[in-house]
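The values are calculated or read from the model by the stated rules, or taken from the named source; none is laboratory data. All values derive from a computational prediction rather than experimental measurement. We place every Cβ from the backbone using ideal geometry, glycine too, and count neighbours over all the protein chains shown.
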Amino acid sequence: MLETRRQRLRETLGDSDEEVRRAAADALEKLESALAFEQIAAILKNGSRGQRVRAIFALEQINSGRVFPLLLAALNNPDADLRAVAVQVLGRKRNPKTLPQLVKHLRDPHPAVRVYTAEALGRFGDRRLVSYLAAQLADPDEELVKSALQAIGAIGAPEGEPHLLALFDDPRAAVRREAVRALGQLEL
């Protein structure tokens, strides 16, 4: 069935309408990513580090629930770079069922993973995440604090206001700047 779909999309690449051709190319790219799922899964198990990073990014293009177990498994990888990439992809996919696993990575031992986790959580727009992100505002890592502020702003929940206002007097200008920006994004 998928092979029939691929063949029809390939034929449509020759359509007289440019928009139809473009839509066919986009659909074909997604379909071929899905057809490569098994290959991607094998690379995640046995590939080199660079191949596994690319495989995790490839999972972003696949519109299937089958990708989530692989992405969630990557969150437990001992390699911080693989965890960071998995967090980024999960944030862009915004599946609410992955939130509990993502929130745990705000306590990841690697600073970059914590930063990417804060950014990812901001994409969900879930006001329940404000308290988890606000807890990161006391961290000495300026990048994590800035990411948490950006995420609180992106969520836009008024519950974030006291946390943002508390950082208006922070000694770090970059932190104050992000707190001010985030406050401007909150719902009225």
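Of the residues Gly14, Gly91, Gly50, which is within 22 Å of the chain's Cα centre (by Cα) and either loosely packed, with under 14 Cβ neighbours inside 10 Å or among the aromatic types (Phe, Trp, Tyr) (or both)?
Numbers: Gly14 fails: within 22 Å of the chain's Cα centre (by Cα); Gly91 fails: either loosely packed, with under 14 Cβ neighbours inside 10 Å or among the aromatic types (Phe, Trp, Tyr) (or both).
Sole residue among the options that is within 22 Å of the chain's Cα centre (by Cα) and either loosely packed, with under 14 Cβ neighbours inside 10 Å or among the aromatic types (Phe, Trp, Tyr) (or both): Gly50.
Hey, any hits in the stretch 96-117 for a residue that's crowded, with 16+ Cβ neighbours inside 10 Å and within 17 Å of Arg177 (Cβ to Cβ)?
yes
Would you check which residues across the stretch 151-188 are hydrophobic (A, V, I, L, M, F, W, C) and exposed (fewer than 15 other Cβ atoms within 10 Å of the Cβ) and list them?
Correct list: Leu165, Ala166, Phe168, Ala173, Ala174, Leu188.
Quick one: how many residues across the stretch 55-80 are assigned to a loop (DSSP other than H, G, I, E, B) and modelled with pLDDT of 95 or more? Don't jump to the end; show me each part of the working.
Restricting attention to the stretch 55-80, the residues satisfying the condition of being assigned to a loop (DSSP other than H, G, I, E, B) are 60-66, 75-79.
Next, from what is left, pick out any that are modelled with pLDDT of 95 or more: 75-79.
Residues in the stretch 55-80 being assigned to a loop (DSSP other than H, G, I, E, B) and modelled with pLDDT of 95 or more: 5 in total.
Within the set of pairs 6 or more residues apart or between chains, which connect a residue that is at negative phi inside the stretch 1-27 to a residue that is outside any helix (DSSP H, G or I) and of a type outside the set (Lys, Arg) with Cβ atoms less than 8 Å apart?
Correct list of pairs: Arg21/Leu13; Arg21/Gly14; Arg21/Asp15; Ala24/Leu13; Ala24/Asp15; Ala25/Leu13.
Here are some conditions: (1) touching a Lys or Arg at 6+ places or on another chain (Cβ under 7 Å); (2) surrounded by 15 or more Cβ atoms within 10 Å (Cβ to Cβ). Asn63 meets all but one. Which one does it not meet?
(2)
Quick check on this structure: which one of Lys93, Lys104, Lys97 is within 24 Å of Pro140 (Cβ to Cβ) and basic (Lys, Arg)? Lay out the reasoning, then the answer.
Details: Lys93 fails: within 24 Å of Pro140 (Cβ to Cβ); Lys97 fails: within 24 Å of Pro140 (Cβ to Cβ).
Being within 24 Å of Pro140 (Cβ to Cβ) and basic (Lys, Arg) holds for just one of Lys93, Lys104, Lys97, which is Lys104.
One line per residue, one yes/no per condition, for (1) closer than 30 Å to Ala41 by Cβ; (2) of a type in the set (Asp, Glu):
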position: Asp81; (1), (2): yes, yes
position: Ala86; (1), (2): yes, no
position: Val103; (1), (2): yes, no
position: Val115; (1), (2): yes, no
position: Ala148; (1), (2): no, no
position: Gly156; (1), (2): no, no
position: Leu167; (1), (2): no, no
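Six or more apart or on different chains, Cβ atoms under 7 Å: show the pairs whose first residue is in the stretch 110-137 and closer than 18 Å to Ala80 by Cα and whose second is at pLDDT 95 or above and not in a helix (DSSP H, G or I).
Pro111/Asp141; Arg114/Asp108; Thr117/Asp108
Specify which of the listed residues (Arg52, Arg8, Arg22) is assigned to a helix (DSSP H, G or I) and within 22 Å of Val113 (Cβ to Cβ). Quick ask: steps written out before the conclusion?
On the way: Arg8 fails: within 22 Å of Val113 (Cβ to Cβ); Arg22 fails: within 22 Å of Val113 (Cβ to Cβ).
On inspection, the qualifying residue turns out to be Arg52.
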